[in-house]
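Asker: I'd like to ask some things about the structure below.
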Amino acid sequence: MKLAVWTYEGPPHVGAMRIATAMKGVHFVLHAPQGDTYADLLFTMIERRDRRPPVTYTTFQARDLGGDTAELFKTAVQNAYARYKPDALLVGASCTAELIQDDPGGLADALALPIPVVALELPSYQKKENWGAAETFYQIVRALNGATAAEPKAARAPRGDRRPVCNLLGPTALGFRHRDDITEVTKLLASIGVDVGVVAPLGAGVDDIRRLSDADFNIVLYPEIAAPAADWLKRTFGQPFVSIVPIGAGATRDFITKVREVAGLPNGVDSAADDDLAGLRAPWYARSIDSTYLTGKRVFIFGDATHVVAAARIASTELGFEVAGIGTYTREHARDVRAAATALGVEALITDDYLEVEARIIALQPELVLGTQMERHIAKRLGIPSAVISAPVHVQDYPARYAPQMGAEGANVIFDTWVHPLMMGLEEHLITLFKDDFEFHEGSGASHLHASAKAAPATTETADAPRAEAAATRPEPEQIRIDALDPALVRWSADAEAELRKIPFFVRGRARRNTETFAASRGFGVITLETLYDAKAHYSR
Amino acid sequence: MNDLTPVDAASAAPAAGVGCVDAPVLRERGQREVFCGLTGIVWLHRKIQDAFFLIVGSRTCAHLMQSAAGVMIFAEPRFATAIIEEKDLAGLADMNDELDRIVAQLISRRPDIKLLFLVGSCPSEVIKLDLKRAAGRLSRIHAPTLKVLNYSGSGIETTFTQGEDACLAAIAGDLTPAAPAEATHLLVAGCLADIVEDQLRRMLLEIGISSVDFLPGRNSGDLPAIGPGTRYLLAQPFLTDTARILDGLGARPILAPFPLGAEGTFLWLSAAASAFGIDQAHVDRVTAPARARAEAALARIRPRLEGKSIFFFPDSQLEPPLARFVTRELGMVCVEVGSPYLNRQQLAPDLALLPAGTPLSEGQDVDRQLDRCRAARPDLTVCGLGLANPLEAEGLATKWSIELLFSPIQGFEQAGDLAALFARPLVRRELLGVRS
Ligand code: SF4
Ligand code: SF4
């Protein structure tokens, strides 16, 4: 057993629902108790969809368990088929139904429906939502292309003069900005002369899935969802795939290069032209002098592997932040995150335990947190600015406006969203200069943010306050000198503590930590005014 | 607007044939679109301040709690899920040892917890994990600092608010039986917002009932011994099991309409007074100012809702008393009143006040019910979160039923707020110029 307060991912059948809901003409019959129908609200409330997910739940009850739950399942399939007339049917079991072992696949087969029926095995006690989504998509692609797979097209017909065509794989219902990413990537591809054949699963029907193999190659937009399907398409039809995810300016350039290569288009066109072409403003914004204040901001990044790796690259090479730590809840793709962490010289946090993530954020004291809705809440509580970069997200992260993460506009959106919660350059300096102005102080928050920003500095204050008070009431400690010391054991003298509080709040956490580490490394048990400035000198070298 | 049918609120049950007391009910069996009983933890864990709810279930259960309580994520919740894993099912780990380990871990993190509920789920029920025994064992291990109780919130046994019923039944079952000679006192059962509880307590005191307790208490130790001296009055219409446990302890029920609206609250208080031998004229006098305030608030909203049709999808069992409120106090017309479970006995006073011929349904076949709703095109549809936006997109005005559980709606002072909950979707459509 595992103790969980909040979870990053739902069970695998919710992943299957994300695929069914994304597609057209597909219906999903889920063997599950009534309470599992809560999952509908993810789509209708959080994503604000205007129709119910195409899911029929058998909603068996305790009194059915002794009787015939299998019969109940068959009736549900028959009724769903009669009512919704889908082009394909998915059947599966939720965690409870898995335990009663009714074999939804076998039962549905016995009904001999005149449409393809895809039986899903979703091991609820081992796997999670993203795995369920990937598996479901893969099973659909396989089931609907099984017949044509007989003759593998290992060598694909030459393209000739026609424009290259690719499929976009991976966008689902309830995905983070998937709707807008598709638009942006399609536009980007068109601008370099590549057409999009099928987008799947989002918006795809059974016929679309059947013509996936017509395209010259595939683009895996979300590896967490589409990697197994793309692998199978490659093995079966010799369709190559591009798996560079175009999030950020650099990755978008790499993506263009790779797509041209796979599509057989000439590369070597200079990237400035590509940027112009694609309306990329983020790199210039990052270079403009107002952005100087972004330099070295310590950032913590957590989310699904794809978005975390992309965010780490943007943070370190495109915004000049210092990446203090990264992590992911997708164990299946932990390797990529570990590799990115090694390259950045930090340790990767691989966990789906929200409390561990919180502990890490507290330990690292970043100045900006990029994460899921969970990290947003952690950051809010700690008074640290934050932005959402990955699922799971809440209703406010499905914006009405166009806000992709991918491609040129995605990079622009990311620049805005990450920089917005931070204080702007000159404002930061003015606050430092005129610390004692009663109306213009750190507690008043950044001028472009609303009242909620007030909570931020206030919390930073309270985090400091007890220690300051303790320092004030304590008798002034004598300097003690020990050889090796744990920074946590170092104490502050009252005047050093007071001086520390004159340092702007957004760098105070770092100053505190640096000074403590410095003092500990020198074996100082107490930080005096002297130690504080020695440490400052040491770190500014 | 006060055409109160002369019901003797204190009498045990209204006569057959009155209103909808023995009206026929459409019973349906099909897909249900409702929460399971675990959802009650969302409000129960805020209400009982020294209790913790540990669900023994699957990732699905944890995800349900997350989806239902998502907005409260910034406060550390007093609930969590012990997620059963493959190795537990395969017998590689002993589930009782695992549970003991997790509880120990929990208690070390939250030493302030005095009452722990082990909450059963569908998976724990299906594999027949004996949580009652586990609770007994854990109670012994952690005595006297921690008491451990158990109940089931599983979807195969409980629908939405039945989880609260199961929880309160577990608490009631653990109460000390009182000596037969003990003085009469009143127990009000059903989770209420703190502010409502305080108002009702004040009202009952003014009426002259001096000893009033609420189940659940704000702290686990707040409850008195229960016995023949106990008269209990339900504040929520979904407490079938809790009532049974209280009956078993010798406590005697007071039957009344539920305290929704001016009329409902008045009759509810009157029933309590009558059970304690207090003169009705006194009740009339004491309640007059608050009742007049409530009626004035309702009169302001009533013109917006009068004559409008309303359709209740089954959700919380609050539907019949709400239907009584909207028809009698707001002049609305019920197209269908669905409830997951109709406890005719407890609801008799409310059903008696419902206009004869009101279509009642119990259970659900959501697809067919949607067909009926679409055909009727009611002015307002009260339904769950999964159905609301899709129906709005089809042009129907909706009110999400869960808000009725998450808002203070009982009592005189909240009558206007309750009416406003029904009026708001219509006002909003008017403001936005939406045409149905
Ligand atoms: S219906 Fe059962 S399995 Fe589903 S969330 Fe509720 S208790 Fe858990
Ligand atoms: S804010 Fe979130 S939790 Fe609240 S009702 Fe909307 S979608 Fe549901």
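The values are calculated or read from the model by the stated rules, or taken from the named source; none is laboratory data. None of these values were measured; they are calculated from a predicted model. For neighbour counting, all protein chains shown are included, and Cβ atoms are generated from backbone atoms with ideal geometry for every residue, glycine included. With ligands, DNA and RNA removed, areas are computed over all heavy atoms of the protein, side chains included. Shrake-Rupley method; radii C 1.70, N 1.55, O 1.52, S 1.80 Å.
Asker: Could you check how many percent of all C-alpha pairs in segment B:85-162 are farther apart than 22 Å? Working shown, then result.
Answerer: On the way: 850 of 3003 pairs.
Cα-Cα pairs of segment B:85-162 separated by over 22 Å account for 28 percent.
Asker: According to a simple spin-label model (label point 7 Å from Cα along Cα-to-Cβ), what is the distance in nm between A:Asp161 and A:Ile100?
Answerer: Here the modelled spin labels are 6.4 nm apart.
Asker: Beyond 19 Å, what percent of the Cα pairs of segment A:96-148 remain? Show your work: numbers first, answer last.
Answerer: Numbers: 520 of 1378 pairs.
So the portion of pairs separated by more than 19 Å is 38 percent.
Asker: With just the Cα atoms of segment A:223-328, tell me how far they stretch along each of the three principal axes, in Å, largest first.
Answerer: 51, 35, 16 Å, listed from the longest principal axis down.
Asker: Can I ask one more? When all alpha-carbon pairs of the protein assembly as shown are counted, what percent fall beyond 54 Å?
Answerer: Values: 110842 of 476776 pairs.
Here the long-distance tail beyond 54 Å is 23 percent of all Cα pairs in the protein assembly as shown.
Asker: Would you kindly calculate the translational diffusion coefficient of segment A:182-269, applying Stokes-Einstein with the Kirkwood radius from alpha carbon pairs, for 10 °C and a viscosity of 1.306 mPa s, and quote it in µm² s⁻¹ without decimals? Walk me through the numbers on the way to the answer.
Answerer: Numbers: Rh = 13.5 Å.
The Stokes-Einstein estimate is 118 µm²/s.
Asker: Then there's this: Any chance you could run the full-extension gain for A:Arg235 through A:Glu261? It's 0.36 nm times the residue separation minus the Cα-Cα distance, nm to one decimal.
Answerer: On the way: separation 26, 0.36 × 26 = 9.36 nm, distance 1.97 nm.
Using 0.36 nm per residue and subtracting the Cα-Cα distance, I get 7.4 nm.
Asker: Please express the Cα-Cα pair-distance distribution P(r) of segment B:203-270 as a list of whole percents, one per 10 Å bin, running from 0 to the bin with the greatest distance.
Answerer: For segment B:203-270, the pair-distance distribution reads 19, 50, 30, 1.
Asker: Run the accessible area of segment A:316-373 with a 1.4 Å probe and give the carbon-and-sulfur part as a rounded percent.
Answerer: On the way: 1140 of 2350 Å².
For segment A:316-373, the apolar C and S fraction of the accessible surface comes to 48 percent.
Asker: Same structure again: Distance between Cα centroids, segment B:251-325 to segment B:131-206: provide it in whole Å.
Answerer: Spelled out, the Cα-based centre of one part sits 25 Å from the other.
Asker: With an 8 Å cut-off on Cα pairs and a minimum separation of 6 or more residues, tell me the relative contact order of chain B in percent. Mind showing how you got there, number by number?
Answerer: Details: 830 pairs, mean separation 84.0, N = 436.
Rounded, it is 19 percent for chain B.
Asker: Continuing with this model, one more query. Using a cut-off of under 20 Å, list every residue of segment B:318-338 whose amide N is near the label point 7 Å from the Cα of B:Glu306 along the Cα-to-beta-carbon line.
Answerer: B:323-335
Asker: Hey, another quick one. Out of all DSSP beta bridges with both ends in chain B, state the antiparallel percent to the nearest 5. If you can, show how the numbers build up before the last one.
Answerer: On the way: 2 of 50 bridges.
In chain B, approximately 5 percent of DSSP beta bridges are antiparallel ones.
Asker: In addition: Please compute the modelled spin-label separation between B:Ala179 and B:Asp279, points set 7 Å along Cα→Cβ, answer in nm with one decimal.
Answerer: Label-label distance for B:Asp279 and B:Ala179, simple model: 3.4 nm.
Asker: What does the highest-first list of B:187-198, A:211-222, B:21-32 look like by mean Cβ count within 10 Å? Walk me through the numbers on the way to the answer.
Answerer: Working: B:187-198: 20.0, A:211-222: 22.1, B:21-32: 16.2.
Sorting B:187-198, A:211-222, B:21-32 by mean packing, highest first, produces A:211-222, B:187-198, B:21-32.
Asker: So for segment B:357-436, what are the equivalent ellipsoid semi-axes in whole Å, largest first, each being the square root of 5 times an eigenvalue of the Cα gyration tensor? Don't jump to the answer; show the numbers that get you there.
Answerer: Working: eigenvalues 96, 65, 27 Å².
With the √(5λ) rule applied to segment B:357-436, the semi-axes are 22, 18, 12 Å.
Asker: Averaging sequence separations of C-alpha pairs under 8 Å and six or more residues apart, then dividing by the length of segment B:266-381, give the relative contact order as a whole percent. List each step's numbers first, then the result.
Answerer: Details: 141 pairs, mean separation 28.9, N = 116.
Value for segment B:266-381: 25 percent.
Asker: Further, regarding this structure: For A:94-102, what's the mean count of beta carbons from other chains sitting within 10 Å of each residue's beta carbon? Before the final figure, lay out the partial values.
Answerer: Numbers: counts 5, 11, 14, 2, 4, 8, 2, 0, 0.
That average works out to 5.
Asker: Which percent of Cα-Cα pairs in segment A:280-374 sits in each 5 Å bin, short to long?
Answerer: Here the calculated profile for segment A:280-374 is 3, 15, 25, 24, 17, 9, 5, 2, 0.
Asker: What percent do you get for the relative contact order of segment A:15-79 when only Cα pairs under 8 Å and 6+ apart count? All intermediate terms of the calculation are to be shown ahead of the outcome.
Answerer: Details: 65 pairs, mean separation 23.4, N = 65.
Result for segment A:15-79 is 36 percent.
Asker: For segment B:315-342, list residues with backbone N below 15 Å from a point placed 7 Å from the Cα of B:Arg368 toward its Cβ?
Answerer: Residues passing the 15 Å test: B:338-339.
Asker: For chain B, state what percent of all Cα-Cα pairs lands in each successive 10 Å bin, counting from 0 Å until the bin that includes the largest distance.
Answerer: 4, 21, 30, 26, 14, 4, 0
Asker: Would you compute the Debye intensity of segment A:74-197 from its alpha-carbon atoms alone, equal scatterers and no solvent, and pass along log10 I(q)/I(0) at q = 0.13 Å⁻¹ to two decimals?
Answerer: Here log10 of I(q) over I(0) equals -0.78.
Asker: Follow-up question, since we're still on this one. Describe numerically, in nm with one decimal, the distance between label points set 7 Å from Cα along Cα→Cβ at B:Asn96 and at A:Ala537.
Answerer: Result: 6.8 nm between the two label points.
Asker: Please report the antiparallel percentage of the DSSP beta bridges confined to the protein assembly as shown, to the nearest 5. Mind dumping the intermediate values first?
Answerer: Numbers: 7 of 94 bridges.
Taking every DSSP beta bridge with both residues in the protein assembly as shown, the antiparallel ones total about 5 percent.
Asker: A:Tyr125's amide H: which non-local residues (gap 5+, or another chain) put their own amide H closer than 5 Å, with H modeled 1.01 Å from N in plane and none for Pro or chain starts?
Answerer: none
Asker: Two-decimal Rg/Rh of segment B:286-436 from alpha-carbon positions, Kirkwood Rh? Show your work: numbers first, answer last.
Answerer: On the way: Rg = 15.0 Å, Rh = 15.8 Å.
Radius of gyration over Kirkwood radius for segment B:286-436 works out to 0.95.
Asker: Along each principal axis of its Cα atoms, how long is segment B:103-212 end to end? Whole angstroms, biggest number first, please.
Answerer: Principal-axis extents of the Cα atoms in segment B:103-212, largest first: 50, 33, 32 Å.
Asker: If you don't mind, there's one more thing I want to ask. Just to verify a number: FRET efficiency for A:Arg63 and A:Asp214, C-beta to C-beta distance, R0 = 51 Å, to 0.05? Show your work: numbers first, answer last.
Answerer: Working: r = 51 Å, r/R0 = 1.00.
Using R0 = 51 Å, I get an efficiency of 0.50.
Asker: On to the next question. What FRET efficiency, computed as 1/(1 + (r/R0)^6) with R0 = 51 Å and r the Cβ-Cβ distance, is obtained for A:Ala488 and B:Asp417, rounded to the nearest 0.05? Walk me through the intermediate numbers first.
Answerer: Details: r = 50 Å, r/R0 = 0.99.
It comes out at approximately 0.50.
Asker: Where the accessible area of chain B is counted over protein heavy atoms with a 1.4 Å probe, how much of it, in %, is carbon and sulfur? Mind dumping the intermediate values first?
Answerer: On the way: 8310 of 15600 Å².
The C+S portion of the solvent-accessible surface of chain B is 53 percent.
Asker: Something else: How many Å² of accessible surface get buried when A and B come together, counting both sides, probe radius 1.4 Å, rounded to the nearest 100?
Answerer: 5300 Å²
Asker: Over segment B:243-290, one equal point on each Cα, no solvent: what is log10 I(q)/I(0) by the Debye formula at q = 0.25, 0.29, 0.31 Å⁻¹?
Answerer: -0.90, -1.04, -1.10
Asker: Follow-up question, since we're still on this one. Would you tell me the mean number of C-beta atoms belonging to other protein chains that fall within 10 Å of each C-beta in A:25-35, as a whole number? Each step should come with its number before you reach the end.
Answerer: Numbers: counts 0, 0, 0, 0, 1, 0, 0, 3, 12, 15, 20.
Taking all residues of A:25-35 together, the mean is 5.
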